[in-house]
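A quick write-up on the structure given underneath.
What follows is calculated from the coordinates using simple rules that are stated; it is not laboratory data. Since this is a predicted model, take the numbers as computed values, not measurements. When we count neighbours, we look across all protein chains shown, and the Cβ atoms used for this are built from the backbone with ideal geometry, even at glycine.
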Amino acid sequence: MIPYYLLLPLAAAVIYSLGSVVVKRALKEGVTMDQSFHLTNLAVGLLFLPLLLLENDAVDWSELWRPLLMGSLFFVGNWLTFLAIKRGDVSLVTPIMGTKVVFVAVALVLLRGLSPSASLWVAALMTPVGILVMSAAELKHGHHFLFTIGVTLASAAVFGFCDVLVNWWAEDFGAMTFLAIGSLMVAALSFVMWLLQGQPSMRLEPRLTKWAFGGAILIGLQAIAIGTALGFFDDATGVNVVYASRGLWVIILVVVFGAKLGNSEHQEQGGAFRWRVIGTVILTAAIVIAVIDRANATVVKLI
């Protein structure tokens, strides 16, 4: 039986994929990166705020620095992600974000001294193989793609360590409050950055509003799903392998609904897009391995 909690990262993967395509459309239509980035961080802060009312456990306020640190890491990772989406195609960036599962596995070893099962290590290591296949056809294009890949990998690394901290600290602190405070930290840092940037205009033309706010809300909603999965279930690697399916979902969205969403990457990239599909199949195989591993682990616990 597949663990029910893996439905949370699966839902997050689908929502994130749609959100990234919408964000890319907003940037193409004229929304600036700063506008989209700050709106998304505000949405994250506001959407997580009601979790404060759902906290049933005692909150360890002496460890307040923990959610603040997690929120700071999330802010950095989010900025790197937006930079990558601005510079590259979502059908390349989103699947590469799947390497986060490798960084999660590494972070578990470095920070907690925990090692995932052999199957999860196989699944985790299959992820960068899929990424390499996806990007191999485009490395010849030079620094543009190398920059996009490098920034995306940096984002995945930051988010990977961030996820392990949520998985490690949230429940002991008070999971709902931990997630809410961390997200408010993201919004607060975004406001500070906006001030330091000289308060760039956040005014949007009416035709851009649906894309800018739509992308921000979708990214915020998926953050709730993945944050809940990490905060309440001690399976950071399994959760992130399933979450890596967003690479598959974004390919499907671009191919099936690309025209309606104003995305023509699969037509413009030609052969390179086919390599992205092959790489995504490898990532999907890794996800299947992880789900089977988690299902078997659940059966053992029940026995």
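At a glance:
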quantity	calculated
Candidate aspartates and glutamates - alpha carbon under 15 Å from Lys86, same-chain residues fewer than 8 apart omitted	Glu29, Asp34, Glu265
The chain shape via C-alpha gyration tensor axes, a/c threshold 1.5	oblate
Cα gyration tensor category, rounded, prolate or oblate, for the range 1-129 with a/c compared to 1.5	oblate
Relative contact order for the range 4-302, counting Cα pairs under 8 Å that sit 6 or more residues apart, in percent	41 percent
Helix runs (DSSP H) in the chain reaching 20 Å along axis by Cα, Kyte-Doolittle at least 0.5	7-29, 33-48, 65-87, 118-136, 143-173, 175-196, 206-232, 271-302
Overall form of the range 90-131 per C-alpha gyration tensor (a/c, 1.5; a/b vs b/c)	oblate
Within the chain, helix-based [θ] at 222 nm, where runs of 4 or more DSSP H residues each add -39,500 (n - 2.57), nearest 500	-26000 deg cm²/dmol
Set of the range 30-69 residues, backbone N closer than 14 Å to the point 7 Å along the Cα-Cβ line of Phe232	51-57
Ranked Thr94, Thr237, Thr228, criterion: other C-beta atoms within 10 Å, fewest first	Thr228, Thr237, Thr94
Stretchable slack from Leu196 to Val122, in nm (0.36 nm times residue separation minus alpha-carbon distance)	22.2 nm
Footprinting exposure proxy for Trp211, Trp169 (fewest neighbouring C-beta atoms within 10 Å first)	Trp169, Trp211
